[in-house]
Structure formats: C-alpha cells, structure tokens
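Structure first, then comments.
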Amino acid sequence: MSDAEISPDLPPDLPPDLLEEHARLLEEARAAFSSAADDKALDAARVKYLGRKAGLVQAEFDRIKTLPPEERRAFGKSANALRKAVERELAAARIGQGIGQGIDEIDHRAPKLDMTLPGRARELGHRHVLSQTTELLVNVAATLGFSVAEGPEVESEFNNFDALNIPREHPSYDPFDTFYIETPEGAEKLVLRSHTSPVQVREMKRHAPEPLRVVVPGRTYRPDKVDATHYHTFHQLEGLAVDSDITFQDLKYTLDLFAKGVFGEETLTRFRPSYFPFTEPSAEVDVSCPFCARDGGACPVCKATGWLEILGSGMVHPKVLSNGGYDPEDVTGFAFGMGVERIAMLRHGIRDIRLFIDPERGNDLRFLEQF
Ligand code: DAH
C-alpha cells in the first residue's frame, strides 16, 4: 500500500509525512481525547500519549535509534508530524471543539486570546485646529444673528469673478487668480474658487428680495507660491448682510463685536481704507495685538506695530447686489472675508501655514495634538 492510500477508516486530512502506524496512533489519541469525560480524564489521556517519559508518542522517538539508518529520516519526520498533530488534538479537545473536524480547521480555532496581555487603549481624537477655529468664528457670528451657509469648491468662473465685479483684464483680477478645471469647448468654465465671496452671490439669489445675514466658511484655492504664510489650499470665512437700510456704521459695529468675540473683550478695531472690486467703499480691518501692550514694544507677532490685519470688508457694490437679484435702489449691504489659517495662526502663535495640512510638513499629530 502506498502512503497516499492509507486504509479507508483513517481520515483523509492527515499530515503528509505521517506513516501509517503513526496515523493509527494519532487516531487513537484523537478518540481518547474526545471521549474524555472531564479534565482529569483528558489529562490522563495527555500523559498516556504526550507524557515526556513514558508517553506513546515519545516511544516513537525512542524507536528511531533502533532503526536501520536509511529509515530514520522518514520515520523521524513522521514522529514529529505525529507529535504536532496529537498536540493539536489535545488543544482542540481542551476548548471543547469537535474533534471529528479537519485538523486544519481545529488548529485555526485554537485559543488565540491571551487574557494576560495588557489592553489596548483607544485614544480619543479631536477636531483639527482649523475646524476648531472655523467653529469659533461661526459661533461668534451666530451670536450676532448670522446664519451659516456653504457653497461649492468647484465654482463657475462667472461666480468667482464676473458676478463679483472682478474684471478679467485688469490688475485687480490678479489676487483672485486660481486653478481652472478642464471643461469641454463652449461649456461653462469652472474654477477652484479663490475665495468664499462667490457664495455671496449664491446666497443673495436664494434669498432676494428678503433681507439676509449669513456667514460662509469654506476651503479656497490659489496658485500662490508656497511659503510660511501662503499655501495653495486654505480656508476663509465670508460674511454678508443685506437689508433695506444697512450702513457703514453697521459694518463697523458688527465687526468690532466680532473681533471682541474672537480675540477677547479688550480688543480694539481699526478700519483702513482699501479696495476690493466687490465692495465700495472698502476697508481692511486690524485688531489690536492681543500679544502685547498697545504701544507694541518688541512683539514679534505684530512686528511692534500694535495692530494685526485680520480681514477685508466693505459695503456691497451695487453691481454685486443686482447680480444677486436685489435692487440696489432698495437695499444696501456689507460684506467681509477673512482667512481661517491666519486667525488660527494669530490665536495660537503658529508661525508656518504649512503645519496645517501640507503632506510633508503638516498634519503631524505631534503638532495637531497641541490644540
Ligand atoms: N474675498 C476677499 C479675498 O479673498 C476677501 C474679502 C474682502 C471678502 C472684502 C469680502 C469683502 O466679502 O467685502 O481676499
């Protein structure tokens, strides 16, 4: 009889190296383990087969030296396979698994749970510092009566520029230059929005002629050269209020309260004339440096000026109001926009914008866990 066809009453899934006499011994051990009624009986069976001194498996090893040299190798291999298989049978019997099943399957089910290992602590995550900052800004705006809206990051070229009165062939276009999406000839041109201002137009169209007070947080893009304060991908918060008699005083009062809400009660604001195509008049807003006395001293954050620029703002340009579906004869409005990264950097003393999301320098848990 060849090895491959051991007698039919033996199971088909035996280890390949096993000689027939060992297969029989394995079968015997399997039967003894599975019929053991309790722990004691099982242990007795263990000693009978696997006992180190007088066990039947050990006896097979002891036989090796009595065999002719040319038979020893195959016999030794078989004895090893036997020992392993009997040990597996014992393990399976110990966890009360069905011994009639295939050896491989039983092995698979052998206990893998080591109750003595220390547990794995599951660490609690938290929001990214930019999300925290956005939430702070939105919450402060909410206390001032603003609701929240969002718009798409892939925006029409029209909304990103034309609807906001930004001329294409003019230097005032440059700061808002952006990435263009490839679109078929003749289709509407799409860009990655270079600011959140296009959402002004979307929101106006949604609400006109009703009054409107909304802030818009969101991600924005520009092909800027990357350095410590510029990154191609960043975030802004836009604000817009439209109503029948909104004045520049409303803008100043609202942004002053807003700055106090974000940087603290003692914060002062300063409005400097500026230019944006979508507002007229326009102003840039500074806050008193929260890191030093107002006269500056040697503060590195405000470069000893005592002031920090935080946002752009202005009265919504009549053309923009009518692009949004309002009659500029009936309503006025103010708008503002700020960089979330910049606010986060000022609040936390962060010196490099790349620390936030840059795949090489940023998004490092050792950095993010500090906030
Ligand atoms: N969109 C401008 C920018 O990205 C920021 C801005 C300035 C927004 C003035 C406004 C505004 O709404 O009135 O630089």
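The values are calculated or read from the model by the stated rules, or taken from the named source; none is laboratory data. Every value quoted in this text rests on a predicted model; they were computed, and no experiment measured them. Methodologically, a virtual Cβ is constructed for each residue, glycine included, from the backbone with ideal geometry; neighbour enumeration extends over all protein chains shown. Ligands, DNA and RNA are excluded from the accessible area calculation, which covers all protein heavy atoms including side chains. Shrake-Rupley method; radii C 1.70, N 1.55, O 1.52, S 1.80 Å.
Using Cα springs under 10 Å in a Gaussian network model of the chain, which residue among A298, A37, A335 shows the largest mean-square fluctuation?
A37
Percent of accessible area on the chain owned by carbon and sulfur, 1.4 Å probe?
Answer for the chain is 51 percent, counting heavy atoms of protein chains only.
Between H235 and residues 5 or more places away or on another chain, which pairs have amide H atoms under 5 Å apart, with H built 1.01 Å from N, and which residues are they?
So H235 has HN proximity to T220, V340, E341.
For the range 324-365, state which trypsin sites (Lys or Arg not before Pro) are in a DSSP loop and have at most 16 other beta carbons lying within 10 Å of their beta carbon.
R351, R361
Amide H neighbours of L190 under 5 Å, at least 5 residues apart or on other chains, H built in the peptide plane: list them.
Correct list: E157, I181.
Place a +1 charge on the Cβ of each Lys and Arg in the chain and a -1 charge on the Cβ of each Asp and Glu, then give the dipole magnitude about the Cα centre in debye, rounded to the nearest 20.
In total the dipole reaches around 1580 debye.
So which GluC sites (Glu not before Pro) in the range 280-344 end up in coil per DSSP with only 12 or fewer other C-beta atoms within 10 Å? Working shown, then result.
Working: sites: E284, E309, E329, E341; in loops: E329.
Passing both the DSSP loop test and the Cβ count: E329.
Efficiency by 1/(1 + (r/R0)^6): what FRET value for R73 and R24, r their Cβ-Cβ distance, R0 = 30 Å, to the nearest 0.05?
Details: r = 21 Å, r/R0 = 0.70.
Given R0 = 30 Å and the Cβ-Cβ separation, E is 0.90.
In a GNM of the chain with a 10 Å cut-off on Cα contacts, which of L311, L257, L19 has the highest mean-square fluctuation?
Top of the fluctuation ranking is L19.
Between E185 and E210, what length comes free when the chain is fully extended (0.36 nm per residue of separation minus the Cα-Cα distance, one decimal in nm)?
Taking E185 through E210 to full extension adds about 5.3 nm, to one decimal.
Taking springs between alpha-carbon atoms closer than 10 angstrom, which of P16, P152, P359 fluctuates most in the Gaussian network model of the chain?
With Cα springs under 10 Å in the chain, the top fluctuation among P16, P152, P359 is at P16.
Rounded to the nearest 500 deg cm²/dmol, what is the calculated helix-only ellipticity per residue at 222 nm for the chain, with -39500 (n - 2.57) per DSSP H run of length n ≥ 4?
Numbers: 13 runs with 137 residues, N = 371.
Counting only the DSSP helices, I get -11000 deg cm²/dmol.
For the range 108-213, which trypsin sites (Lys or Arg not before Pro) pass both filters: DSSP loop (anything but H, G, I, E, B) and at most 11 other C-beta atoms within 10 Å?
K112, R120, R122, R168
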